[in-house]
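Asks: Please read through the structure below; I'll follow up with questions.
The values are calculated or read from the model by the stated rules, or taken from the named source; none is laboratory data. What you see is a predicted model, and the numbers here were worked out from it, not measured in a lab. So basically every Cβ, Gly included, is an ideal-geometry build from the backbone, and we count neighbours across all protein chains shown.
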Amino acid sequence: MVNDAWLALLQAAQPSPHVWLETLKSYGSAEALRAETARALLALGLPAEGVSKFHSPDQALLERWGRWLAGPNRGLVTFGSPLYPSRLAEIQTAPLALWVEGPDHALLAAPQLAMVGSRNPTTSGRETAEQFAKYLSARGLTITSGLATGIDGASHRGALPEIGGTIAVLGSGLDVIFPRSHERLAAEVAARGLLVSEFAPGVEPQKFFFPQRNRIIAGLSVGTLVVEATRRSGSLITARWAGDFGREVFAIPGSIHNPLARGCHWLIRQGAKLVEEAADILVELASQLQLDLAEPPLQAAHDSSDEGGIGDDPAYRMLLKALDFSPTTIGDLGARVQLTPAELSSMLLILELEGLVEALPGGRYARLGSKKK
């Protein structure tokens with residue numbers, strides 16, 4: 001349960017959350033920060049209006065937020081808490097907290113690829129986004145996007161039924177879905193994936209919120225893929241954030257006669273990786289994903305099998321042993337090893353990249369007899 005100190009902090013931090021974030025880091029918790037006197041907080045350079053709100057928050061607003069949080073599958077993931085994604089915490093403009101809705105809040109920590117693009121794509125662009133998202137999510141990458149029309153929506157739909165799933169980051173409160181035409185898609189994501197926002201319930205979308213939203217999409221992800229975009233597209237803002245954060249940027253080229261390809265061509269000229277098929281992304285991200293997932297959550301006794309590389313890790317050995325050589329669904333495998341789908345998808349992706357496991361149609365996996373060369 002989120003305590004009142006955190007909710008009061010979120011009230012106080014508007015509209016300057018980053019000033020409060022730096023102070024929070026030095027104190028370690030919202031409770032410790034709230035224990036300070038107003039004079040001490042003012043001496044730290046915090047704004048007077050915010051300090052006043054911190055010690056005397058709007059109780060009606062706290063109650064409203066509390067009622068929203070009491071709903072099923074809802075939560076507030078605060079900076080420094082175990083569920084706060086470490087990759088997002090690395091960026092200087094990390095949000096103080098994330099409002100979330102979905103069955104598995106741990107999905108925030110899954111390896112993610114951002115997919116963005118035009119709100120008015122070509123039919124080919126829409127199909128490409130959906131196909132790429134489906135392929136990559138089936139191999140364990142969570143697809144993260146912004147719930148906008150066009151490429152965002154196609155990416156969410158492609159990833160939603162697969163094991164990697166999808167995360168939708170909103171530029172409004174989670175109870176104010178924008179665009180309204182995506183209310184049904186948002187409900188599907190909330191039921192099977194994760195809705196995320198730094199904006200509290202009840203906050204209406206504003207034009208300047210969307211660039212802020214884009215930094216979270218890029219910050220959560222190991223890389224960003226732009227499918228179709230004009231030279232002035234907001235998708236290039238997400239790509240710029242990704243580059244600033246030291247993450248990979250990918251772009252799919254198109255016809256020189258297609259204005260929606262010009263943004264992608266510009267990114268490629270700036271150093272983005274040209275992508276022709278979805279597998280190219282896994283190849284480029286292989287070493288990074290192995291680094292990020294080098295310490296899986298499962299602890300197990302060491303096994304005497306002779307697999308090399310990541311297969312020497314006892315947790316991966318146990319997973320390989322549980323998988324055996326028969327095609328197995330992720331649901332059945334999870335029951336055998338007591339891991340969540342997010343944990344399993346991360347580990348299976350690494351084993352596939354190592355050539356120890358094969359992804360099969362229907363969300364099934366099979367162990368291979370030896371490493372693929």
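Asks: Would you mind telling me which numbered condition in (1) exposed (fewer than 14 other Cβ atoms within 10 Å of the Cβ); (2) modelled with pLDDT under 95; (3) among the acidic types (D, E) E204 fails?
Replies: Exception for E204: condition (2).
Asks: From E63, E22, grab the single residue that is out of contact with any helix residue (DSSP H, G or I) (no Cβ under 8 Å at 6 or more places or on another chain), over 25 Å from P201 (Cβ atoms) and outside any loop (DSSP other than H, G, I, E, B).
Replies: Checking each option against the conditions leaves just E22.
Asks: With at pLDDT 95 or above, under 18 Å from S118 (Cα atoms) and acidic (D, E) as the only criterion, which of E198, E188, E183, E228 stands out?
Replies: E228
Asks: In the set R262, R247, which member is modelled with pLDDT of 95 or more, within 24 Å of A106 (Cβ to Cβ), crowded, with 16+ Cβ neighbours inside 10 Å and assigned by TED's automatic domain parsing to the domain that holds G165? Steps first, please.
Replies: Details: R262 fails: within 24 Å of A106 (Cβ to Cβ).
After applying the criteria, what remains is R247.
Asks: Please go through the range 203-253 and pick out each residue that is among the small types (G, A, S), in contact (Cβ under 8 Å) with a residue 40 or more places away in the chain and not in a loop (DSSP other than H, G, I, E, B).
Replies: A218, G219, G223, S235, A239, A242
Asks: Can you spot a residue in the range 267-274 that is crowded, with 17+ Cβ neighbours inside 10 Å and touching a residue at least 40 places away in the same chain (Cβ under 8 Å)?
Replies: Within the range 267-274, one or more residues are crowded, with 17+ Cβ neighbours inside 10 Å and touching a residue at least 40 places away in the same chain (Cβ under 8 Å).
Asks: From the list E90, E22, E101, exactly one residue is of a type outside the set (A, V, I, L, M), exposed (fewer than 15 other Cβ atoms within 10 Å of the Cβ) and under 28 Å from A190 (Cβ atoms). Which is it? Explain how you work it out, then say what you get.
Replies: Numbers: E22 fails: under 28 Å from A190 (Cβ atoms); E101 fails: exposed (fewer than 15 other Cβ atoms within 10 Å of the Cβ).
The unique qualifying residue is E90.
Asks: A further question on this structure: Going through the range 326-342 one residue at a time, which ones are β-branched (V, I, T), assigned to a helix (DSSP H, G or I) and farther than 19 Å from P103 by Cα?
Replies: The one that is β-branched (V, I, T), assigned to a helix (DSSP H, G or I) and farther than 19 Å from P103 by Cα: V337.
Asks: Criterion first (among the hydroxyl-bearing types (S, T, Y), touching a residue at least 60 places away in the same chain (Cβ under 8 Å) and either touching a Pro at 6+ places or on another chain (Cβ under 9 Å) or closer than 20 Å to R247 by Cβ (or both)) does T144 satisfy it?
Replies: Criteria met by T144.
Asks: Could I ask something else about it? For the range 26-51, which positions are assigned to a helix (DSSP H, G or I) and without any contact (Cβ under 8 Å) to a residue 24 or more places away in the chain?
Replies: Once the filter is applied, which keeps residues that are assigned to a helix (DSSP H, G or I) and without any contact (Cβ under 8 Å) to a residue 24 or more places away in the chain, the range 26-51 yields S26, Y27, A32, A38, R39, A40, L41, L42, A43, A48, E49.
Asks: Only residues in the range 179-198 that are in contact (Cβ under 8 Å) with a residue 24 or more places away in the chain count as the first member; pair them with residues that are aromatic (F, W, Y), Cβ under 7 angstrom, at least 6 apart or cross-chain, and list the lot.
Replies: What qualifies is S197/W99.
Asks: Among strands (runs of 3 or more DSSP E) lying entirely in the range 88-150, which contain 2 or more residues that are within 19 Å of A278 (Cβ to Cβ) and assigned by TED's automatic domain parsing to the domain that holds V169?
Replies: 112-116, 142-145
Asks: Something else now. Please verify whether the range 106-121 includes one or more residues that are surrounded by fewer than 22 Cβ atoms within 10 Å (Cβ to Cβ) and out of contact with any Ser or Thr (no Cβ under 9 Å at 6 or more places or on another chain).
Replies: So far as the range 106-121 goes, no, none of its residues is surrounded by fewer than 22 Cβ atoms within 10 Å (Cβ to Cβ) and out of contact with any Ser or Thr (no Cβ under 9 Å at 6 or more places or on another chain).
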